[in-house]
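Bear in mind that the values in this text are calculations on the coordinates, not laboratory data. Predicted, not measured: the structure shown is a model, and the values here were computed from it. Methodologically, a virtual Cβ is constructed for each residue, glycine included, from the backbone with ideal geometry; neighbour enumeration extends over all protein chains shown.
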Amino acid sequence: MQLDGTDRKLLNLVQTGFPLSKEPYADLGQRLGTDPNEVIRRIQQLKRRGIIRLIGPVLDSRSLGYQTTLVATRVAETNLEKAEKVIAEHPGVGHGYERGHYFNVWFTLAVPPAVNIETELERLSHLAGAETAFSLPVIKVFKIGAYFDMDEESQSASVPYQNSTLAKQVKLSPIEKLIINELQRDLPLISTPFTAMAEQAGMDVERFLAQCRSLQQRGIIWRFSASINHNHAGFMANAMSCWVAPPQLIDVAGHKLASLKEVCLLYTSPSPRDLSTSRMPSSA
C-alpha cells in the first residue's frame, strides 16, 4: 500500500507516544508541520485502509489485578473453525492466532482476580475441543510493545519496557477506574477528543489528562498509542520463538534481544517440555 512521507512519519509518532493533551491532533500537526485537520484526515484514511486499528491505552493488566498467560493448544484440523470461533468469543482473549506448528492455535488469556485462570483455561480448552493445551505465564518482562518503523530515515525507536519483577495489583480510586474505562474506547477523531471522556468521568479535561499522566507514570498505563495492523502496513512476515536458555544467561540474552526494535514482546516463562513433541500432557 502506497504511503507518502507524512503518513509514515505520522504512523511512527502515533505508535511511540500519542500526546495526552487537550488537542493531541494539533500537537501531532505541529511536529509534522501540518494542521490538525490534515492529521485527522490522514488518520481517518489509515483507519479506512486497515493500517491503524484503534488509538488507546496499553494497560498493565497485572497491576489491575488480572491474571494473564499465553496459551498454546493443539486443535485437530477438522475442528479448527469451531475452536477459533469459541476462543475468539471469549471476553478474556486479547490476541488469538493460528500458527504453522504442531501446537497450531495460540492465544492470550486474561481473567479478573475472582476467577481461577487454570480452571478457566481448562473450561475454554474443553469448549474449543483442544487436544492439548498448556500455559506460558510471565515470570519476568524484558520488553513489551510492538513498534513498526514506517520511516526508515527517522531516528525513532521503541523503548523497551523492563522490569525485574511482576507488577502487583494496585488499589485504584473510583475516579481512576472510571478514567481507565473511558480511555479504552477508540479515541474519536475530533479536535478535543478527551473532553467528552472527561465529562463522562465527571471532571474537566485538564484534571482528566493529569490523572492519565499519573497512571502512566505509575506504570498502570504502559503507553497510549495507536495499534497497527502490521500486515496492512506492509510487514508481511512475523514469527514467535520459544527458547530454553541456561539460567545464568537469561538476563544477558534478555537485555540483548530487548535492544532490537524488531522484537516486540520478550519475557521469561516456566519452561515446558519440548514444544516439538506431540506427547505433551493435556491440561484440558
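Take the Cβ atoms of LYS168 and CYS264, set R0 to 30 Å, and the FRET efficiency comes out at 0.75. Magnitude of the charge dipole for the chain, about its Cα centre and with charges confined to Cβ atoms of Lys, Arg (+1) and Asp, Glu (-1), is about 400 debye. When the chain is described by a simple charge dipole with +1 on each Lys and Arg Cβ and -1 on each Asp and Glu Cβ, the residue from GLY129, ALA26, THR6 located farthest towards its positive end is GLY129.
Of the chymotrypsin sites (Phe, Trp or Tyr not before Pro) in the range 176-261, the ones in a loop by DSSP (not H, G, I, E or B) with at most 10 other beta carbons within 10 Å are TRP243. Using a simple spin-label model with pseudo-atoms 7 Å out from Cα toward Cβ, GLN248 and ASP186 lie 5.2 nm apart.
For the chain, adding -39500 (n - 2.57) for each run of n ≥ 4 DSSP H residues and dividing by the number of residues yields -10000 deg cm²/dmol at 222 nm. Evaluated over the chain, the count of Lys pairs having alpha-carbon atoms less than 25 Å apart is 17 (only pairs 8 or more residues apart or interchain).
Length gained on full extension, TRP222 to GLU77: 48.5 nm, using 0.36 nm per residue less the C-alpha separation. Of interest is the spacing of the C-alpha centroids, which for the range 217-257 and the range 79-129 amounts to 21 Å. Within 14 Å, Cβ to Cβ, of ALA201, how many net charges do the neighbouring residues add up to if Lys/Arg are +1 and Asp/Glu are -1? Net charge in that neighbourhood comes out at -2.
For ASN37, neighbours were defined as the other residues whose beta-carbon sits under 15 Å from its Cβ, and their charges (Lys and Arg +1, Asp and Glu -1) total -2. Scalar couplings 3J(HN,Hα) for the range 37-48, obtained by applying the Karplus form with A = 6.51, B = -1.76, C = 1.60 to θ = phi - 60°, are 5, 5, 4, 4, 4, 5, 5, 4, 5, 5, 5, 4 Hz; x denotes Gly and Pro. Provide the FRET efficiency to the nearest 0.05 for the GLU122-LEU54 pair, computing r from the beta carbons and using R0 = 35 Å. Once the sixth-power term is evaluated, E becomes 0.65.
Net charge of the neighbourhood of SER21, taken over other residues with C-beta under 13 Å away and scored Lys/Arg +1, Asp/Glu -1, is 0.
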